[in-house]
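All remarks here apply to the structure that follows.
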């Protein structure tokens, strides 16, 4: 009898486990109105993607009548559906059977996953209304009390939308609440710095909130919030600097406030990506990274950046390249041998790059008769974007472009963000692989000394 009951229990547990297993695939189907979209493409969202969410890029087949249906193996997370000239944010998880209807730019949902994506649609509508303001144009101009009230109201509006969709997936609810919390913390953190650019005498009041006070910094779900790594990078980076340490040294200390190993690893990695170029203890940092980082892919990125920096140290030969100019003629770095070269990696979509244009033109004008060439390398997918900007801002100098060599060139010069500047001597060797920007007055002193 005991054996029989045990057998029944085993069968029950096995069948229950089978029933609870979630199909790793989703069914995505629907219909677009004629002329609404010639193609559909599903890809991972760069802005909202979850931590460790794999990259996905998939074209969906649209039939002549506008219908489409595809079965896709997918991980839980945030995706973008490109529909012709429009983009729609989607939240997808294994087991979904989501039906979409696109009509005159509007989208509606049905089936498993509809509740979550109806929420995403409402969230995006709210972001479109209140998300356009940035610190330099709006927040930094507000007095402290008014800013705090506004930042709190933005969080409340996000939370109200989440609360109205209380039947949606619980994990999505949690991560969306964390997004609202982190966005407010990010605003709190940045205001105290940006306000000083408007009111030089500004000092935060005693009542000014601690930006991180409402966050459980050991909650791994915070890693699903794209702003979180940058928030802790900025916050703890300042603490490290105030205590005479490089950022990575603080993170590996036993006294570091975050104890969760995965979050500490992400904090260390984020610091490496954004600050490695300025580390004075570069070799010591790299040795520690190999002990501290467990994720193989993160280790590989750090190693690649470290080796690139070692190859870009002063006196090392600058990596040669051959790109195309605006006349589609080949131009190589070695063509400028015997002259100093100032490389500018930029793009038409890069706001900080555009902001440097007046200073860059002034720099070129001052040294137009000297033995220094100013070479702008466009990080663009098409030449027309560069040409339009050249004409709009009446830019001179040498403009190069070749999307087929973009990744190779960025890796060679360790370009993790733009604008990025490199200064090269007459022999083709590196002077500075992370040179000063055109608007930095010290750059003029440096160039004057080189030309003497």
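Rule-based calculations on the coordinates, nothing more; no lab input. All figures in this text were calculated on a predicted structure; none of them were measured in a lab. Heads up, the Cβs are rebuilt from the backbone with ideal geometry, glycines too, and the neighbour counts pull from every protein chain shown.
Computed quantities for the displayed model
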quantity	calculated
Extension gain from residue 70 to residue 227, taking 0.36 nm per residue of separation minus the Cα-Cα distance	53.3 nm
Förster radius 45 Å - calculated FRET efficiency between residue 115 and residue 283 (Cβ-Cβ, nearest 0.05)	0.30
Label-point gap, in nm, between residue 427 and residue 138 - each point 7 angstrom along Cα→Cβ	5.4
Added length on full extension, which subtracts the Cα-Cα distance from 0.36 nm per residue, residue 324 to residue 170	50.3 nm
Percent of beta bridges antiparallel (DSSP, the range 322-451, rounded to nearest 5)	50
Mean residue ellipticity (222 nm) of the chain, computed from DSSP H runs ≥ 4 via -39,500 (n - 2.57), nearest 500	-13500 deg cm²/dmol
Burial ordering of 279, 285, fewest other beta-carbon atoms within 10 Å first	279, 285
Whole-angstrom gap from the range 311-389 to the range 85-107, using each part's C-alpha centre	42
Relative contact order %, the range 322-451, counting alpha carbon pairs below 8 Å whose residues are six or more apart	34
Footprinting exposure proxy for 109, 150 (fewest neighbouring C-beta atoms within 10 Å first)	150, 109
Fewest-first sequence of 110, 65, 448 by Cβ atoms within 10 Å of each Cβ	65, 448, 110
Fraction of antiparallel bridges per DSSP, the chain only, in percent to nearest 5	70
Pair residue 218, residue 394: separation of 7 Å Cα→Cβ label points (nm)	6.2
Length-normalised contact order for the chain - Cα pairs under 8 Å, 6+ apart - percent	10
Two-site FRET efficiency, residue 207 against residue 349, from Cβ-Cβ distance with R₀ of 45 Å, rounded to 0.05	0.70
The range 322-451: C-alpha gyration tensor shape, a/c 1.5 cut-off, then a/b vs b/c	rounded
Matching label, Cα extents along the principal axes in Å computed from the structure shown, candidates (i) 96, 60, 53; (ii) 66, 60, 40; (iii) 71, 48, 47	(i)
Taking the range 21-111 and dividing mean pair separation by its residue count, relative contact order in percent (alpha carbons under 8 Å, at least six apart)	39
